[in-house]
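Read through the structure below, which is laid out as structure tokens, and then see the notes.
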Amino acid sequence: MSWIYLSLGILAAAGTFLFIGVLIYDLSQNKHTILHNFPVVGHFRYMLEKIGPELRQYIVTDNDEERPFSRDQRTWIYASAKQQNNYFGFGTDNDLERTSNYLILKQSAFPKSVPLPNTAEYDDNHTLNCAKTLGGWRNRKKAFIPESAIYVSAMSYGSLGSAAVESINSGCGIAGALQNTGEGGISRYHLNGGDLILQLGTGYFGARNMDGSFCLKKLVDTVEKHPSVRAIEVKLSQGAKPGLGGHLPAAKVTGEIARARGIPEGKACISPSSHSTFSDVDSMLDFIEMLADETGLPVGIKSAVGEMKFWEELARQCDQSGRAPDFISIDGGEGGTGSAPQAFADHVSMPFKLGFTRVRSAFEEECMEDKIVFLGTGKVGFPIEAAFAFALGCDMVGVAREALLSIGCIQAQRCHTGHCPAGITTHNKWLMAGLDPTLKSARLANYITSLRYDVIKLAASAGLEHPSQLTKEHFEILDDQFGSRCASQVFC
């Protein structure tokens, strides 16, 4: 019996050494955030992910059932970000004949050629310029053509931790894409190579007086101090919680966040639901023109879509007065946020495709659609969704949660708790320590370039040189009754 006890002792010792070795390795590496933040036990996540398809096939859900992003969607982002094989085998697992509102791109009999790797024409950055000049129609002093029609949409420092913001900005610099700061102002983590769209929310963070009112001088000083700011976006609302101001709990208002926002440290930061500098379309247009005149930058607005009277009046006044936002960013009701009441997230504001179509139609009626740059956000960070956004009339496509997935988000849906296991939507130093900005910035850049490449290939398959040439006529929408309609009939 003694040899049995001896063997068990040896196995126990070996197990202990193995445990300690794995623990040390996990804590010392920064390649995998989950393993760093949750050593040893984090391996079970990857083991379950490895056999996930088999488990889901017989026990749980299929590849397209999970929400807000399906397993197939997340797998494509993870593979693209890591420069792994992002192809899928054995054909589609979607049930095309029993799925409503299913998008089909109608390919051309004579598609365009896409340059192949190892050829002189091949561009491994997959450059995709915006087809319009931002600020061109109003001749802004600092008008420019964005070199990437894909950009990272608004997520503020505060809702995201410092490591996540730094990763995104640095990744945008590598990919040549713009990053929207979100309404939280500019921090030092926004200054790592990526150009910025500075967002002004109702709290005017980074450009406010002590009483919360807007301060033009501080805005001008900020723009002059940071030449990486290429445009200003006045946020009216966002898709996940329109009609509500942002809310950052006191525990999240650290010293750095307080300095970036110009607010007291350690006190809850609650933004008003509407702007104090304007109260109607006319005064809003005056505010936009003032910002553009004082800074020289293109100035636009961001909003979710609810009642249409505002948009119809805006289009009419733009046409008649010559005052206009240089760009309009439409956020869909399916868009994400770090925290929102369920009723607002589920039931307030139009989904992107419907809302965007209605707004652009209002400007088409006034013949203004070619003078303004249209941006779209809200679950459009996948090749077919981005291509369809271009077909609806978007000139640029914004990604947000998809960008977070590329830097390690596992869709734990704990953003509102401050305990994000991936170290992204948290300020917990332990959790953030596993998110290496050097590695994650490269992964974000890989995702953006992969998205651009696939959108370019989709446009080429339709016989086009640029995704901006896509129209609703290029898409068919299947129903679950063995029928379909051209997208131009659905979104008219």
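The values are calculated or read from the model by the stated rules, or taken from the named source; none is laboratory data. In this text the structure is predicted, and so the values were computed from the model without any measurement. In this analysis, Cβ positions are derived from the backbone assuming ideal geometry, glycine residues included, and neighbour counts consider all displayed protein chains.
Of all residues assigned to segment 148-162, none qualifies as being loosely packed, with under 15 Cβ neighbours inside 10 Å and either of a type outside the set (A, V, I, L, M) or touching a residue at least 12 places away in the same chain (Cβ under 8 Å) (or both).
From Gln342, Gln317, grab the single residue that is over 23 Å from Ile477 (Cα atoms), of a type outside the set (D, E, K, R), surrounded by fewer than 22 Cβ atoms within 10 Å (Cβ to Cβ) and modelled with pLDDT of 95 or more. Of Gln342, Gln317, the one residue that is over 23 Å from Ile477 (Cα atoms), of a type outside the set (D, E, K, R), surrounded by fewer than 22 Cβ atoms within 10 Å (Cβ to Cβ) and modelled with pLDDT of 95 or more is Gln317. Candidates are the residues of segment 163-189 that are aliphatic (A, V, I, L, M) and in a loop (DSSP other than H, G, I, E, B); the one that is surrounded by the most Cβ atoms within 10 Å (Cβ to Cβ) is Ala177.
Scanning segment 190-205 for residues that are surrounded by fewer than 24 Cβ atoms within 10 Å (Cβ to Cβ) and in contact (Cβ under 8 Å) with a residue 40 or more places away in the chain yields a count of 2.
Screening Thr425, Thr449, Thr417 for residues that are under 15 Å from the mean Cα position of the chain (by Cα), among the hydroxyl-bearing types (Ser, Thr, Tyr) and over 27 Å from His126 (Cβ atoms) leaves exactly one candidate, Thr425. The selection criterion, being farther than 21 Å from Phe374 by Cα and part of a loop (DSSP other than H, G, I, E, B), does not hold for Pro325. Taken across segment 245-261, residues that are more than 30 Å from Phe382 (Cβ to Cβ) and in contact with a helix residue (DSSP H, G or I) (Cβ under 6 Å, 6 or more places away or on another chain) do not occur at all. Scanning segment 264-288 for residues that are modelled with pLDDT of 80 or more and among the β-branched types (Val, Ile, Thr) yields Thr277, Val281, Ile288. Could you give every pair whose Cβ atoms fall below 6 Å, whose first residue belongs to segment 232-252 and is farther than 29 Å from Glu289 by Cβ and at pLDDT below 80, and whose second residue is not in a loop (DSSP other than H, G, I, E, B) and not β-branched (Val, Ile, Thr), counting only separations of at least 6 or pairs across chains? Close Cβ pairs (under 6 Å, with a partner that is not in a loop (DSSP other than H, G, I, E, B) and not β-branched (Val, Ile, Thr)) amount to Ala240/Ala345; Leu248/Cys269. Which one is modelled with the lowest pLDDT, of the residues in segment 432-476 that are among the hydrophobic types (A, V, I, L, M, F, W, C) and within 21 Å of His190 (Cβ to Cβ)? Per the stated criteria, the residue is Ala433. On inspection, Gly393 qualifies as of a type outside the set (S, T, N, Q), under 30 Å from Pro467 (Cβ atoms) and over 18 Å from the mean Cα position of the chain (by Cα).
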